[in-house]
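What follows is a single structure, written as structure tokens, with notes after it.
Each reported figure results from applying straightforward, stated rules to the coordinates on display, with no laboratory input. Quick caveat: nothing in here was measured; it's all calculated off a predicted structure. Ideal geometry is used to build each Cβ from the backbone, glycine not excepted, and the neighbour counts take in all protein chains shown.
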Amino acid sequence: MTKPKANDYRGDVKPIWCPGCGDHAVLTAVMRALAQLELPREKIAVASGIGCSSRFPAFLKTYGIHGIHGRVLPLATGIKLGSPETTVIAVGGDGDGFSIGGGHIPHAARRNVDLTYIVMDNSIYGMTKGQPSPTSPEGVVSRASPYGTQERPLNPLLMALSYDVSFIARCFSGKVREMTEIFVQALQHPGFSLIQVLSPCVTFYNTYGHYNEVTQPLPEGHDPGDRLSAIQLAMNTETQYLGIFYRDEDRPTYNQRFEAVQALAPETTLDAIFESLKR
Amino acid sequence: MEQPDATVVVRIAGEGGEGTITLGDLFTRIAACSGLEIYSFRTYSAEIRGGQVMYQTRLGIDRVMTEGDEANVLVAMNQQAWIEEHEDLCKNAAIIHDAHVQVPNDSHQGFPIPAEAIAQELEWARGKNFVLLGALGWFFRLDLDVAADLVRQQMRHHPESLEKNLAALRRGYTFAQQTYPEPFPFALDLPDTVEERILLSGADAMALGALAAGCDFYAGYPITPATPTMESLARYLPAFGGKYVQVEDEMAAINMAIGASFAGRRALTATSGPGLSLMTEGLGLASMAEIPLVLINVQRAGPSTGLPTKTSQGDLFLSLYGGHGDAPRFVLAPDSVKDCYFKTIYAFSLAERYQMPVIVLSDQAMASRQATTPLPGEPWNGPLARLTPTPEELAGDYQRYAFTDTGLSPMTHPGVPGGMYLAESLEHNAYGYPDQTPGNHEQMMRKRARKVETAREMLADWRMTSRRWGDRGAPFGIMGWGSTRGAVREVTKRLQAQGIHVEAIYPHTLLPMPDQAIVDFLSTKRAILVPELNFSGQFGRMVEHRYYKELDERNVHIYQRKKEQGVPFKVREIYEATLEMIDEERKLWNKEHGEIARIFDTVQRLGEASGTFEKDGGHCD
């Protein structure tokens with residue numbers, strides 16, 4: 001069998017994203033990472049929620065499920081538990097993941113289910129045409145916030161670090177090569193990985209220039225095993241570091257836990273249970 | 001209303017936390033082990049501790065179908081028990097009560113037991129309920145060894161208190177034996193042979209039904225009164241190679257189950273009203289993306305938090321119509337503890353074969369009750385498998401959502417080469433890709449809806465349309481659904497014995513409604529009674545709306561008997577409502593008859609009158 005190419009994973013549907021949208025770069029990086037890992041297409045499932053970025057699964061030739069708003073993590077968890085041999089990727093935006101679906105992240109972290117969660121964070125609601133999102137900076141003026149937003153933005157990486165997600169990284173759509181490398185590592189990570197991709201919305205909130213200025217690679221010598229140092233680096237909002245902040249590969253995955261539970265459960269049959277219910 | 005022959009209603013009431021439910025549960029089990037048929041009901045307050053709780057169990061020589069109405073025997077653990085329960089007793093009821101409970105000496109027979117004092121004497125204050133259990137054992141002449149064995153088995157997780165409880169049990173038994181040696185007025189003759197029965201709760205019946213159907217994935221969030229089903233699956237599912245997850249909320253529950261089903265598992269979630277409200281969006285996803293899913297809804301009284309521990313049938317409309325858009329689904333209505341087992345198996349067959357969500361509509365009363373049941377045996381039709389594409393279909397141009405005559409299109413899952421597809425919550429084309437053109441939308445809506453119609457044939461094959469009993473073709477009918485069936489059965493039995501002709505029908509599936517059976521049932525009716533446990537009479541309204549033509553053509557009258565009190569129907573309530581309906585119809589008939597007689601009379605006089613007119617020669621003013 002020949003080595004797969006990134007384009008082998010491309011679906012028949014043309015992306016609906018605006019020209020210049022950061023999500024095109026994410027799609028490219030995902031396809032390249034899948035090709036690099038030589039994953040058979042039928043052994044990949046991509047799940048998503050609702051939003052521009054959540055249209056993602058339709059643009060790949062793998063198994064895909066486009067679910068409902070905010071529920072991509074439970075959906076993807078179900079797929080991984082149902083089919084442990086499948087590589088499961090969850091995708092969505094900042095509204096889907098950090099607003100309506102924010103309650104699912106700590107529990108995905110607790111379970112350490114083996115899936116890769118890519119959040120395309122554009123700090124705006126693009127599909128509904130430009131309302132502020134949980135990661136919009138304070139004071140952003142939009143049609144839905146004519147006097148400026150009155151809430152402080154969420155720090156997704158700090159949140160993920162405090163939830164103890166076992167693999168945490170940040171990428172930027174302007175840097176596809178680096179993003180691909182991080183996706184490869186995340187896909188290989190045995191457990192739950194969360195990647196925040198700074199993925200600008202060219203139509204409603206173009207941040208390319210800003211991110212080109214404030215992003216830079218994590219300091220050389222940063223030890224991804226050092227959670228405290230990762231927290232310090234994530235707290236820096238002036239400079240947005242890119243790279244793998246944190247990684248813990250020693251935890252059992254959720255599927256491994258189930259193997260342990262199944263071994264603990266005493267063997268029984270339906271007939272035996274009925275027998276035990278006899279008077 | 002007197003209990004029918006050879007049954008006794010025993011009601012145990014006391015404060016939550018003082019062992020009232022334990023007492024009721026153990027007494028029920030001991031009675032069952034002694035060969036009696038039992039049927040129990042419990043109601044408790046929403047508090048963890050405190051608040052009055054009540055456990056009612058009906059004992060019988062033959063099969064028992066309801067927990068009974070007024071109690072023959074009241075076990076009053078505290079004064080409040082007497083205050084709350086004394087108006088709901090049979091004449092000459094036996095009151096077994098703690099000695100400090102004041103029971104007025106009128107139409108009842110008092111059997112004081114110094115349970116608290118005996119327990120204190122044993123230096124085991126918590127053992128009051130076991131003293132009373134021992135006394136009950138003597139009154140019903142149950143075998144003390146059988147009782148002790150059962151206590152040992154049931155209390156094995158509390159070894160520190162077991163010996164003390166056993167001592168309390170024995171002291172209660174001997175005290176009652178010495179103090180009340182004469183025969184107890186409500187003791188039943190114990191059968192010589194103990195027939196093979198299992199003691200099953202509705203909650204466990206559903207969990208075991210899921211296992212029998214090959215369920216291998218469960219995701220759920222704790223909610224009263226659905227939690228016992230979840231806990232049974234937590235215990236058993238891993239032994240069957242399945243996975244059980246307690247999730248963070250109901251949205252996670254249904255979406256995780258959908259994910260697992262997408263991946264090829266037979267997935268289940270269970271919840272109660274508030275949880276179903278939260279799950280309706282997910283239900284729409286399963287319907288839209290055609291992903292099999294079984295959802296057990298153990299109804300409790302709403303709206304909002306409502307009466308979390310009390311029963312109701314108020315989620316019918318939510319189950320049938322809940323969610324935005326037209327999202328086809330199946331809704332099954334189990335109507336007994338045993339039926340909870342079978343309907344859960346059928347739910348999986350329907351879900352898997354028709355790739356749709358299936359709601360099993362149970363309720364608190366049915367889920368939490370224990371009943372003696374024969375071993376359920378094999379289902380009429382084993383669990384059906386999912387429709388999968390053939391290798392040829394996979395090698396060719398595989399269309400996951402292909403348009404077919406039946407509406408069914410083969411489904412694959414991750415891992416199957418050539419079967420890759422997109423499961424879309426957006427309207428989609430035959431491949432699953434988004435397609436919002438007008439023609440496609442309506443065609444897809446038709447495809448999904450057609451599956452429900454396609455299923456009718458199979459449901460008929462499975463004898464899964466309706467239960468019908470009583471006098472075939474009788475002019476008066478009773479039509480209900482779900483857990484009220486036991487009470488209605490007793491009513492029809494009584495009426496038949498009294499020579500009053502009534503026929504009853506209970507649909508197995510509420511969606512689709514077994515129209516043919518119901519239209520046939522209605523074709524001979526003058527009036528029907530629709531009893532249900534909700535405030536607005538949802539089922540009656542649905543029947544009225546769905547069969548308006550048939551009802552109108554034949555002028556069939558609908559009488560609704562609604563009850564929304566958090567407790568099941570008494571047999572008496574349905575019995576009286578049936579008699580009222582018949583009486584009302586008699587009055588109507590008399591009135592109509594009177595009108596007809598007057599018309600007849602008038603017509604008779606017509607000849608005379610016209611003759612008179614001619615004789616008069618007529619007036620032309």
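Scan the stretch B:513-536 and tell me whether some residue there is within 23 Å of B:G60 (Cβ to Cβ) and either among the aliphatic types (A, V, I, L, M) or within 21 Å of the chain's Cα centre (by Cα) (or both). First the steps, then the outcome.
To start, the set of residues in the stretch B:513-536 that are within 23 Å of B:G60 (Cβ to Cβ) comprises B:531.
The next check asks that each one be either among the aliphatic types (A, V, I, L, M) or within 21 Å of the chain's Cα centre (by Cα) (or both); those that pass are B:531.
Checked the stretch B:513-536: at least one residue is within 23 Å of B:G60 (Cβ to Cβ) and either among the aliphatic types (A, V, I, L, M) or within 21 Å of the chain's Cα centre (by Cα) (or both).
For the stretch A:58-94, what are the residues that are more than 7 Å from every other protein chain (Cβ to nearest Cβ) and touching a Gly at 6+ places or on another chain (Cβ under 6 Å)? Working first, answer last.
So in the stretch A:58-94, the residues more than 7 Å from every other protein chain (Cβ to nearest Cβ) come out as A:59-60, A:69-70, A:72-73, A:80, A:84, A:87-94.
Answer for the stretch A:58-94, where residues must be more than 7 Å from every other protein chain (Cβ to nearest Cβ) and touching a Gly at 6+ places or on another chain (Cβ under 6 Å): A:F59, A:L60, A:H69, A:G70, A:V72, A:G92, A:G93.
Please work out which one of (1) out of contact with any Lys or Arg (no Cβ under 6 Å at 6 or more places or on another chain); (2) without any contact (Cβ under 8 Å) to a residue 40 or more places away in the chain; (3) not in a helix (DSSP H, G or I) is the condition A:E138 fails and give its number.
(1)
Residues of the stretch B:164-184 being without any contact (Cβ under 8 Å) to a residue 60 or more places away in the chain and not in a helix (DSSP H, G or I), which ones?
Answer for the stretch B:164-184, where residues must be without any contact (Cβ under 8 Å) to a residue 60 or more places away in the chain and not in a helix (DSSP H, G or I): B:P181, B:E182, B:P183.
Applying the selection to the stretch A:257-276, what residues are at the interface with chain B (Cβ under 7 Å from one of its Cβ atoms) and either over 30 Å from A:F192 (Cβ atoms) or in a loop (DSSP other than H, G, I, E, B) (or both)?
A:A265, A:P266, A:E267, A:T268, A:L270, A:I273, A:F274 - these are the residues of the stretch A:257-276 that are at the interface with chain B (Cβ under 7 Å from one of its Cβ atoms) and either over 30 Å from A:F192 (Cβ atoms) or in a loop (DSSP other than H, G, I, E, B) (or both).
How many residues, within the stretch A:21-45, are in a helix (DSSP H, G or I), out of contact with any Lys or Arg (no Cβ under 7 Å at 6 or more places or on another chain) and within 14 Å of chain B (Cβ to nearest Cβ)? Reasoning before the result, please.
First pass over the stretch A:21-45, keeping only residues in a helix (DSSP H, G or I): A:22-36, A:41-43.
Next, from what is left, pick out any that are out of contact with any Lys or Arg (no Cβ under 7 Å at 6 or more places or on another chain): A:22-30, A:32-34, A:36, A:42-43.
Checking which are within 14 Å of chain B (Cβ to nearest Cβ) leaves us with A:34, A:42-43.
Matching residues across the stretch A:21-45 total 3.
Being surrounded by fewer than 20 Cβ atoms within 10 Å (Cβ to Cβ) and among the aliphatic types (A, V, I, L, M) is the filter here, so list the residues in the stretch B:523-541 that pass it.
Residue satisfying the conditions is B:A527 alone.
Filter the stretch B:160-183 for residues that are of a type in the set (A, V, I, L, M, F, W, C) and out of contact with any strand residue (DSSP E or B) (no Cβ under 7 Å at 6 or more places or on another chain); which is surrounded by the fewest Cβ atoms within 10 Å (Cβ to Cβ)?
The initial filter retains those residues of the stretch B:160-183 that are of a type in the set (A, V, I, L, M, F, W, C), namely B:162, B:166-169, B:175-176.
Then keep just the ones that are out of contact with any strand residue (DSSP E or B) (no Cβ under 7 Å at 6 or more places or on another chain); that gives B:162, B:166-169.
Details: B:L162: 15, B:L166: 18, B:A167: 19, B:A168: 27, B:L169: 26.
Step by step, filter the stretch B:160-183, then rank; the result is B:L162.
From (1) in a helix (DSSP H, G or I); (2) in contact with a His (Cβ under 9 Å, 6 or more places away or on another chain); (3) closer than 28 Å to B:M411 by Cα, pick out the condition that doesn't hold for A:G95.
Evaluating A:G95 over (1) in a helix (DSSP H, G or I); (2) in contact with a His (Cβ under 9 Å, 6 or more places away or on another chain); (3) closer than 28 Å to B:M411 by Cα leaves (3) as the failure.
How many residues, within the stretch B:93-135, are of a type in the set (S, T, N, Q) and under 19 Å from B:A176 (Cβ atoms)? Steps first, please.
Here is the first cut: in the stretch B:93-135, the ones of a type in the set (S, T, N, Q) are B:102, B:105, B:107, B:109, B:120, B:129.
With under 19 Å from B:A176 (Cβ atoms) added as a condition, the list becomes B:109, B:120, B:129.
The number of residues fulfilling the criteria is 3.
Select, from B:P414, B:P357, B:P389, the only residue that is out of contact with any Leu (no Cβ under 7 Å at 6 or more places or on another chain), closer than 21 Å to B:L268 by Cα and within 14 Å of another protein chain (Cβ to nearest Cβ).
Numbers: B:P357 fails: out of contact with any Leu (no Cβ under 7 Å at 6 or more places or on another chain); B:P389 fails: closer than 21 Å to B:L268 by Cα.
Every option except B:P414 fails the conditions.
Identify the single condition in (1) over 18 Å from B:L320 (Cα atoms); (2) within 25 Å of the chain's Cα centre (by Cα); (3) of a type in the set (V, I, T) that B:I258 does not satisfy, given that it satisfies every other one.
Against the list (1) over 18 Å from B:L320 (Cα atoms); (2) within 25 Å of the chain's Cα centre (by Cα); (3) of a type in the set (V, I, T), B:I258 comes up short only on (2).
Tell me yes or no: at least one residue of the stretch B:191-200 is assigned to a helix (DSSP H, G or I), surrounded by fewer than 18 Cβ atoms within 10 Å (Cβ to Cβ) and either of a type in the set (V, I, T) or away from chain A (no Cβ under 14 Å) (or both). Explain how you work it out, then say what you get.
Going through the stretch B:191-200, the residues assigned to a helix (DSSP H, G or I) turn out to be none.
No, every residue in the stretch B:191-200 fails to be assigned to a helix (DSSP H, G or I), surrounded by fewer than 18 Cβ atoms within 10 Å (Cβ to Cβ) and either of a type in the set (V, I, T) or away from chain A (no Cβ under 14 Å) (or both).
Scanning the stretch B:225-236 for residues that are out of contact with any Lys or Arg (no Cβ under 7 Å at 6 or more places or on another chain) and touching a residue at least 40 places away in the same chain (Cβ under 8 Å), which turns out farthest from the other protein chains (Cβ to nearest Cβ)? Please lay out each step first, then the result.
Residues of the stretch B:225-236 out of contact with any Lys or Arg (no Cβ under 7 Å at 6 or more places or on another chain): B:226-236.
Pick out the ones that are also touching a residue at least 40 places away in the same chain (Cβ under 8 Å) and you get B:226, B:228-230.
Details: B:A226: 18, B:P228: 14, B:T229: 14, B:M230: 15 Å.
It comes out as B:A226.
Which condition from (1) within 30 Å of A:A272 (Cβ to Cβ); (2) within 12 Å of chain A (Cβ to nearest Cβ); (3) buried (at least 24 other Cβ atoms within 10 Å of the Cβ); (4) small (G, A, S) is the one that B:A239 breaks?
Tallying (1) within 30 Å of A:A272 (Cβ to Cβ); (2) within 12 Å of chain A (Cβ to nearest Cβ); (3) buried (at least 24 other Cβ atoms within 10 Å of the Cβ); (4) small (G, A, S), B:A239 fails exactly one: (3).
Report those strands (runs of 3 or more DSSP E) wholly inside the stretch B:15-127 carrying at least 3 residues which are of a type in the set (A, V, I, L, M, F, W, C). So that I can check it myself, show each step before the final result.
Numbers: elements: B:37-43, B:52-60, B:71-76, B:89-98, B:109-113.
Because the criterion is at least 3 residues that are of a type in the set (A, V, I, L, M, F, W, C), the strands (runs of 3 or more DSSP E) in the stretch B:15-127 that meet it are B:52-60, B:71-76, B:89-98.
Identify the residue in the stretch B:261-287 that is in contact with an Asp or Glu (Cβ under 7 Å, 6 or more places away or on another chain) and crowded, with 23+ Cβ neighbours inside 10 Å and, among all such residues, is farthest from the other protein chains (Cβ to nearest Cβ). Break it down into steps so the answer makes sense when it comes.
Residues of the stretch B:261-287 that are in contact with an Asp or Glu (Cβ under 7 Å, 6 or more places away or on another chain), as a first pass: B:265-266, B:271, B:273, B:275-276, B:278-279.
Narrowing further to those that are crowded, with 23+ Cβ neighbours inside 10 Å: B:265-266, B:271, B:273, B:275-276, B:279.
Values: B:R265: 4, B:R266: 10, B:T271: 14, B:G273: 20, B:G275: 14, B:L276: 16, B:M279: 11 Å.
The residue in question is B:G273.
Based on this model, can you work out whether A:I124 counts as of a type in the set (A, V, I, L, M, F, W, C) and in contact with a strand residue (DSSP E or B) (Cβ under 6 Å, 6 or more places away or on another chain)? Give the steps one after another, and end with the answer.
Values: of a type in the set (A, V, I, L, M, F, W, C): yes; in contact with a strand residue (DSSP E or B) (Cβ under 6 Å, 6 or more places away or on another chain): yes.
Yes, satisfied.
Name every residue in the stretch A:95-120 that is more than 13 Å from every other protein chain (Cβ to nearest Cβ) and within 10 Å of the chain's Cα centre (by Cα), in order of residue number.
Scanning the stretch A:95-120 gives A:G97, A:T116, A:Y117, A:I118, A:V119, A:M120.
Could you list, in sequence order, all residues of the stretch B:251-266 that are small (G, A, S) and in contact (Cβ under 8 Å) with a residue 12 or more places away in the chain? If you could, list the steps in order and put the result at the bottom.
Initially, the stretch B:251-266 is screened for residues small (G, A, S), giving B:252-253, B:257, B:259-261, B:263-264.
Passing the criteria: B:A252, B:A253, B:A257, B:A260, B:S261, B:A263, B:G264.
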